[in-house]
Each structure stands twice: as structure tokens, then as C-alpha cells.
1. With every protein chain present, what accessible area does TRP123 have (1.4 Å probe, heavy atoms only), rounded to the nearest 10 Å²?
2. Run through the DSSP bridge list for the chain and note the antiparallel percent, rounded to the nearest 5.
3. Heavy-atom accessible area per residue, region 134-187, 1.4 Å probe: how many Å²?
4. Hey, in the GNM for the chain with a 10 angstrom Cα cutoff, which one of ALA264, ALA21, ALA354 fluctuates hardest?
5. Of all the accessible heavy-atom surface of region 144-264, with the other protein chains kept in place and a 1.4 Å probe, what percent is carbon and sulfur?
6. Just the accessible area for GLU219, please: 1.4 Å probe, Å², rounded to the nearest 10?
7. Cross-link partners among lysines for LYS337, C-alpha distance below 16 Å, same-chain residues fewer than 8 apart left out?
8. Can you work out the FRET efficiency for the pair LYS351 and LEU126, with r the C-beta to C-beta distance and R0 = 51 Å, to the nearest 0.05?
Amino acid sequence: MENSTKNVAVIGAGPAGASAAYYLQQKGFNVIVFEKAPFVGGRTHGFDNGKVKFDTGASFFTNFYPLLKKLVKELGIEEEVIELERRVGLKYKDVLAEFTFGSLKTFWNLPFITTKDKWIMIWNTLKLTLKRNQLDLVSPNKLAKFDDSSIADWATNKMSENVYQYLIKPGVEPFWYFSCEDVSRAMTTVLQGRAADAKFYTFRNGMARISEKLLEKCELHLSTSVKNINTSNKKTEIEYIENNQTQQINVDYVVMATPASTTAELLNGKLEESSIGKFIKSQKYVHNVHSVYMMDEKDAKDLYAYYYPCGDWETPIGAIVLHKLKCPDSVICPEGKELVSVFILDEPSKKLMAENNDEHIKNEIWKMAVDFVPELPKSAEHIALFKRKEAIPLHEVGRYKRANEIMDDKLGNIIFAGDYLTCATVEGALRSGRWAAAKITGEKIIF
């Protein structure tokens, strides 16, 4: 495609927008990136107050993220990749058991399930492992083939109730906060097929690093709010506010790399008649409250890096993470101190947000954490509170099938990118951005 005079506006500087901008720029397009936040990275952005630094959203990637792996090498940041500790404390009521991802020994020693259940899990994992070439964590086309039931129904019927409660469920809810009863089994099926040799990584300077590198050579407008997108002319007019001044720019294409709700708001009145518009307007998100505390490092020496609930019992806790134990090189913290993140599940997060009292929320969450892990100190210094109404796209049953049906769609010269079109992973966001860029460049790629 002739691109010597083509201008593209990318709205959103998270991994999806950064990826789209990078690939468009490589093909010679003039790319302008708009981001309403004062930073890039979207939900991969970290917290840094000069005293402590840590990731607040997506905080890891795996050895089966092929595009991210390729970009790390291409961008020359291989030395910034560090492996994470994956030693977990699985908790069911008053019973705590050690589990390490990829460790057959800790799996076999789990007290919650019978030997029969363990063999069922091994057998089904082996079958999926042998089908790896048919599986893809983020491709709507391949995920659609497994988008036929909820995680809860699939795991219970295909394996057993115990396998679901004590093995599948703790591999999903602590990471995405949504209930396994509410979401498709498609992504989980792929994850099970990669469980045997899964490794987890982050970047030394945080997960936003990949977005920063992708956007390094782009024209980037931070703290800039896009207010209107006018598509009435041959070219599209973008109206935005920067430095308290309203400005306009005309472009040939627009890549919408924002959450589905933001996209729907900006394109209000333009989505109703299109299939992709109806898909975007139908998207739901999971709530999450994430509270961070600082305690004495000596109080953490006998603890696990992670604590996840398992089994059928009521707890608001999605996960508890001790940052230095997870990876000391991925966090900045005063000497002798440890940072503790407490992540609350979707429904309890909604209730906490409804209270609208941050002081009460942070105190209440630490009480929840101590109740879950009694070895934690009774009090800790509060560092930060994050309340996200749109933490993770809700992967409902049928969602991947619908995403696959509209993945080639666009709205005139407006193209869409984001993890809501694939799955809630950094790899999914990156691949969607590359796919959006290819729609403009005319390049033929496989999602």
C-alpha cells in the first residue's frame, strides 16, 4: 500500500497501541500516539513514588508468548528479562500446601485431592500438551474451537469436581479475578496444555518496558484527552485537549487501542450498525481492588512468594503477593522491608468500591489478608490503593467465537485493537496491535 503521505492516529499507549504504532512506523507511516495518562503502558504501568516501585497491573509474561519473545530480541532488551519465583502457598480454609508451577513433586504432594484426581489431571494435561500445535493462547480463531462451556462446567465434567476446585480454579481466579463459572474454558484449555513447562518472567524495570521500547521513536502525546472523532470527511478529524488547549488533527486512519468502554464512548453513535460495534458495546469488565503495604522483611522470611485460595469456600482474596520473595530485582523497596500486594476478587471488589471510603478499604483489606495468612503482622504501613472498575475483560462463553467472526472488521478507516478482542494477556494486546497495523499496511499475517 502506498503510504508516503499516510497519517495514523493511535489512541491508547498500552501494549496494543504501542504494538500498532511500532509496526506502522516500521512500514513508513507517520504515526501520532495519544494517551490520556501521563505515562505509557496502560494496565502494565507500575507504581513509583520515589521510595518504592512495583508493577500494579499485568506483572508477568510466560515462555509461550511468541510475539513478546520476538519483540524482546528485536528491541534489544533481552538482558532486562528476569525470571520469577513460582513457589505458591495454596490455601483451603485452614489448610496450606506448597505448590510450584512445573514441579511434579509439589503437585503430587497436594493434600486436597485424591490419587485418582491427580492421575486425571496428569492424563488430561498430557493430552493437551500433545496438541500444542493446535493451541494458541490469544488467537480468536483457535480459541473459538474451545469456546463451548464455562471453565467450571468443562473442568467438572471433563475431569472432576476436585480437579476443578483445587487445581483449575486456583490457576485462573488469582490472575484474572473473575469467577470460573462466568467465563469460557477456551483460554484455560490452552494454559493447561502449557502447564508442564511453564516459566514466568518480567522486566527489570517493570512490564511497561515493552510499551516504552515500542514507542521509543514515535510521536507521543501524553496527558492528552481525545474528545471527538469526526469521520464525516475523507480524512478523519481528531479533536483533543493537550496542555488545556483544544486542538485538531486530520489523519487517514485511526487505531482505537483503548478499553472497549472508552472506544464505545469516543465513537458514540458510530458503532450501532456494525458487527464489530455491537461486539464492542457488549463487552464487560471485571472489578479489582489492589492494596499494597510495607512490612519488615524479617517477618516474611518463612512465607511464600504467593498465596492463592483453592476449593469451594468463601474468601474475598484473589491473591497475596510478596514482591521481594517473588523477584527482588523487579521491585524497589527500602532495605529491610518487604512489599505486600493484596488482590481482591471481582464481587468483593464491587462491594468495597461502593463504600467509597479509602481509609476503611485499606484497613479492611489488611484484615482480610491477615485472616487469610495469619503469619502476616497485625499491622503494616499502607503504600497505595488501586480501584479498577475495568481491570480485566470478562471472557464470557461464546465471546471468542464472536471475536473470531468480527476480527477482520473495521469501521471505515477506524481499526480496533485491545485485549478485549483476544484474551487478557500482554501477548493478546500485542498481537491485536500488530493485527490492526496489518489491516492498514495490507500485510498478510496470521493473528
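1. 150 Å²
2. 75 percent
3. 33 Å²
4. ALA354
5. 39 percent
6. 90 Å²
7. LYS51, LYS53, LYS298, LYS301, LYS324, LYS326, LYS378
8. Given R0 = 51 Å and the Cβ-Cβ separation, E is 0.80.
The values are calculated or read from the model by the stated rules, or taken from the named source; none is laboratory data. Source: prediction; values computed, not measured. Cβ: placed from backbone, ideal geometry, glycine included. Neighbour counts: every protein chain shown. Surface areas here come from the heavy atoms of the whole protein model, side chains and all, with no ligands, DNA or RNA. Shrake-Rupley method; radii C 1.70, N 1.55, O 1.52, S 1.80 Å.
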